[in-house]
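Bear in mind these aren't lab numbers, they're just calculated from the coordinates by the rules spelled out. This is a predicted model, so every value here is computed, not measured. Glycine gets a Cβ as well: all are built from the backbone with ideal geometry, and neighbour counts include every protein chain shown.
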Amino acid sequence: MKVSEIPVPQVQPGWILVKIHAAGLNHSEALLRMFEIENDYIQRPIVPGIECVGEVEDPSDSGLAKGDKVVALMGGMGRSFNGSYAEYALLPSSNVFKVNTELSWIELAAIPETYFTAYGSLTECLLLQEGDILLVRGATSTVGMAAIQIAKALGTSVIASSRRDTSFEKLKAIGADYCIIDDGNIAAQMTAELRPNKILELIGPATLQDSLRCVSHPGYVCNTGILGNKFTVPNFDPIKYIPNGVFLTGFFSNFPTQEAIDDILHLLESSGQKPLYSKVFKLEEIAQAHTLLEKGGAGGKIILDIQ
């Protein structure tokens, strides 16, 4: 990865030119760099980045106005067309959303992809509601921590799993009611009092079967993440793999909406919570930022400051 000068994109109908102030880094961007870039569906060379925050530079025919504060995510950013690791990006109108918030650019940049993924997984896939018991598997990830915040704002009890008990204090500080060690066999730790009725699975296929055995009957498991770097379940037989009375679903974050973005900001504001992030890098420090992203040592969301 290297920083270079490229022309400011030319506006076209159906697209918005956004002046970017900050952008969040994501695990998918590390995967892009490590191996996905070899696929034919990736435009090469590419400016990576699947999310950003900034202001409208040229609204084209979108109905927005120059200077509007916006967030943008997904829709092919950083894969089908140049993404958010830049000062300006030309983005589809359908994936740019106006926001009204007093959050700083850096705080706001922690929200789009991370909090939308957590929110969509909990509300659309797990149908989370007050009184539920939620297990967040992979709770120290950026999506995991966002999910804890959102789940508490929705009135649920939260169990958080981590491979290290040194993370427990941080997880409880953001709202987890109970923490457990993830040794790959959480099902063996479940008791009648502890058993969740809903699980957000962020490790992915590596631990999915164990999660299906953890949940109550009836119960819901949403597979959203692939932090275990295992992307499929070999020889998947749903009849034998999914226990009776357990519902398996998954969340795909490629279809954000204005309503969801508004709801997330309202939930955070009404519950007095701030978006979580860990490290901030300048654009010229992108190589160092990605080294940290790949090693997983940031302890939270990494933000690019492009102001």
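Ordering 30, 13, 65 by the projection of their Cα atoms onto the charge dipole of the range 6-131, which places +1 on the Cβ of Lys and Arg and -1 on the Cβ of Asp and Glu, puts 13 at the extreme positive end.
Got a sec? Which residues in the range 62-84 would a label at residue 283 touch, if it sits 7 Å along Cα→Cβ and we count backbone N under 11 Å? The answer is 84. Among the trypsin sites (Lys or Arg not before Pro) in the range 8-91, those located in a DSSP loop and surrounded by at most 14 other Cβ atoms within 10 Å of their own Cβ are 66. Between the amide H of residue 50 and those of 84, distances stay under 5 Å, these residues lying 5 or more places away or on another chain, with hydrogens modeled in the peptide plane.
Shown for the chain: cysteine residues without a partner Cβ closer than 4.7 Å, namely 52, 179, 214. Could you pull out which residues in the range 146-160 have an amide N less than 12 Å from a spot 7 Å beyond the Cα of residue 216, following the Cα-Cβ vector? Flagged as within label range: 157. Looking at the range 94-179, which trypsin sites (Lys or Arg not before Pro) are in a loop (DSSP not H, G, I, E or B) and have at most 14 other Cβ atoms within 10 Å? Answer in residue order: 163, 164. Explain nothing, just the number: dipole magnitude of the range 219-288 about its Cα centre with +1 on each Lys and Arg Cβ and -1 on each Asp and Glu Cβ, in debye rounded to the nearest 20. Dipole about the Cα centre, nearest 20: 360 debye.
Annotation: amide H of residue 134 within the under-5 Å range of 157, 158, 159, sequence separation 5 or more or interchain, hydrogens built in the peptide plane.
Legend: distances between Cα atoms for 170/274; 98/172; 2/301; 2/295; 98/295; pairs beyond 23 Å are 98/172; 98/295. Using the Cβ-Cβ distance between residue 187 and residue 291 with R0 set to 35 Å, the FRET efficiency works out to roughly 0.45.
Partner aspartates and glutamates whose Cα lies under 13 Å from the Cα of residue 66, excluding those fewer than 8 positions away in the same chain, are identified as 55, 57, 58. Only beta bridges with both residues in the chain are counted; by DSSP, about 45 percent of them are antiparallel. Taking label positions 7 Å along the Cα-Cβ direction at both residue 35 and residue 10, the computed distance is 3.9 nm, reported to one decimal.
Using a cut-off of 25 Å between Cα atoms, the listed pairs 152/282; 152/230; 152/198 include 152/282; 152/230 as exceeding that distance. Counting only Cβ charges, +1 for Lys and Arg and -1 for Asp and Glu, the dipole size of the chain around its Cα centre is about 660 debye. Per-residue ellipticity at 222 nm from helix content only, as computed over the chain with -39500 (n - 2.57) for each DSSP H run of at least four residues, stands at -6500 deg cm²/dmol. Just 120, 24, 296 to compare: in a GNM of the chain, with alpha carbon springs under 10 Å, which one fluctuates most? Result for the chain, Cα springs under 10 Å: 296 fluctuates most.
Spatially, the range 221-252 and the range 125-186 are offset by 19 Å when compared through their Cα centroids.
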